[in-house]
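So the structure is just underneath, and the comments pick up after that.
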Amino acid sequence: MHFTSEPRRGDGVVERDFAVGEIPGILWTPASASEPVPLILLGHPGGLRPMYPRLADRARRAAADGFAAATIELPGGGDRPRLAAAEEARADLRRAGLAGEPVGADIVDRLVL
């Protein structure tokens, strides 16, 4: 992991962009932290930038309670390549929905990354 931005401070939080290999992410830590604090991993259903307002709000609330928070760009989000299997599962989901058919557990399982 390496940081890719300078720290940004505000609302009692220090925010920094980072990357693990080619995978981008954001780390938020309480500005008052003088030692390591527990970390909450934030999940999201979309790309980092579209989800940023929600993620930042959750991170600020976590920091107010003394936690750090981090999130990464999921496969297929942002500039990360799409996963062929996930695209196929989405197409199967759309087909089932348009046909008024139930969505099978196999489709749901393939949608979980």
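The values are calculated or read from the model by the stated rules, or taken from the named source; none is laboratory data. Please read all numbers here as calculations on a predicted model, not as lab measurements. Heads up, the Cβs are rebuilt from the backbone with ideal geometry, glycines too, and the neighbour counts pull from every protein chain shown.
Count, please, the residues in region 28-37 that happen to be surrounded by fewer than 13 Cβ atoms within 10 Å (Cβ to Cβ) and within 10 Å of Ala63 (Cα to Cα).
Pass one, region 28-37, residues surrounded by fewer than 13 Cβ atoms within 10 Å (Cβ to Cβ): 32, 34-36.
Now drop any that are not within 10 Å of Ala63 (Cα to Cα), which leaves 32.
Counting residues in region 28-37 that are surrounded by fewer than 13 Cβ atoms within 10 Å (Cβ to Cβ) and within 10 Å of Ala63 (Cα to Cα) gives 1.
Within region 2-27, track down each residue that is among the β-branched types (Val, Ile, Thr) and closer than 13 Å to Ala63 by Cα. Break it down into steps so the answer makes sense when it comes.
So the first thing to find is which residues in region 2-27 are among the β-branched types (Val, Ile, Thr), and the list is 4, 13-14, 20, 23, 26.
Correct list: Val13, Val14.
State whether one or more residues within region 70-93 are closer than 16 Å to Pro30 by Cβ and either touching a strand residue (DSSP E or B) at 6+ places or on another chain (Cβ under 8 Å) or modelled with pLDDT of 95 or more (or both). Lay out the reasoning, then the answer.
If we filter region 70-93 for residues that are closer than 16 Å to Pro30 by Cβ, which is where we start, we get 70.
Then drop every residue that is not either touching a strand residue (DSSP E or B) at 6+ places or on another chain (Cβ under 8 Å) or modelled with pLDDT of 95 or more (or both), which leaves 70.
Yes, region 70-93 contains a residue that is closer than 16 Å to Pro30 by Cβ and either touching a strand residue (DSSP E or B) at 6+ places or on another chain (Cβ under 8 Å) or modelled with pLDDT of 95 or more (or both).
Go through region 27-40 and give me each residue that's of a type in the set (A, V, I, L, M) and at pLDDT below 95. Don't jump to the end; show me each part of the working.
Pass one, region 27-40, residues of a type in the set (A, V, I, L, M): 27, 31, 33, 37, 39-40.
The answer is Ala31, Ala33.
Considering only region 10-19, I want to know if a residue exists there that is acidic (Asp, Glu) and on the phi > 0 side of the Ramachandran plot. Quick ask: steps written out before the conclusion?
Going through region 10-19, the residues acidic (Asp, Glu) turn out to be 11, 15, 17.
Right, trim to on the phi > 0 side of the Ramachandran plot and you get 11.
Yes, that holds for at least one residue.
Go through region 104-113 and give me each residue that's modelled with pLDDT of 90 or more and in a loop (DSSP other than H, G, I, E, B).
Selection gives Gly104 alone.
Pick out the one residue from Ala64, Ala59, Ala89 that is at negative phi, crowded, with 17+ Cβ neighbours inside 10 Å and out of contact with any Phe, Trp or Tyr (no Cβ under 9 Å at 6 or more places or on another chain). Walk me through it before giving the result.
On the way: Ala64 fails: crowded, with 17+ Cβ neighbours inside 10 Å; Ala59 fails: out of contact with any Phe, Trp or Tyr (no Cβ under 9 Å at 6 or more places or on another chain).
Of the residues listed, the single one that is at negative phi, crowded, with 17+ Cβ neighbours inside 10 Å and out of contact with any Phe, Trp or Tyr (no Cβ under 9 Å at 6 or more places or on another chain) is Ala89.
Considering only residues of region 75-113 that are farther than 28 Å from Ala19 by Cα and of a type in the set (Val, Ile, Thr), which is nearest to the chain's Cα centre (by Cα)?
My answer is Val108.
Go through (1) within 22 Å of Val112 (Cβ to Cβ); (2) free of Cβ contacts under 8 Å to residues at least 12 places away in the same chain; (3) out of contact with any Gly (no Cβ under 8 Å at 6 or more places or on another chain) one by one and return the number of the condition Ser34 breaks.
Going through (1) within 22 Å of Val112 (Cβ to Cβ); (2) free of Cβ contacts under 8 Å to residues at least 12 places away in the same chain; (3) out of contact with any Gly (no Cβ under 8 Å at 6 or more places or on another chain) one by one, Ser34 breaks only (1).
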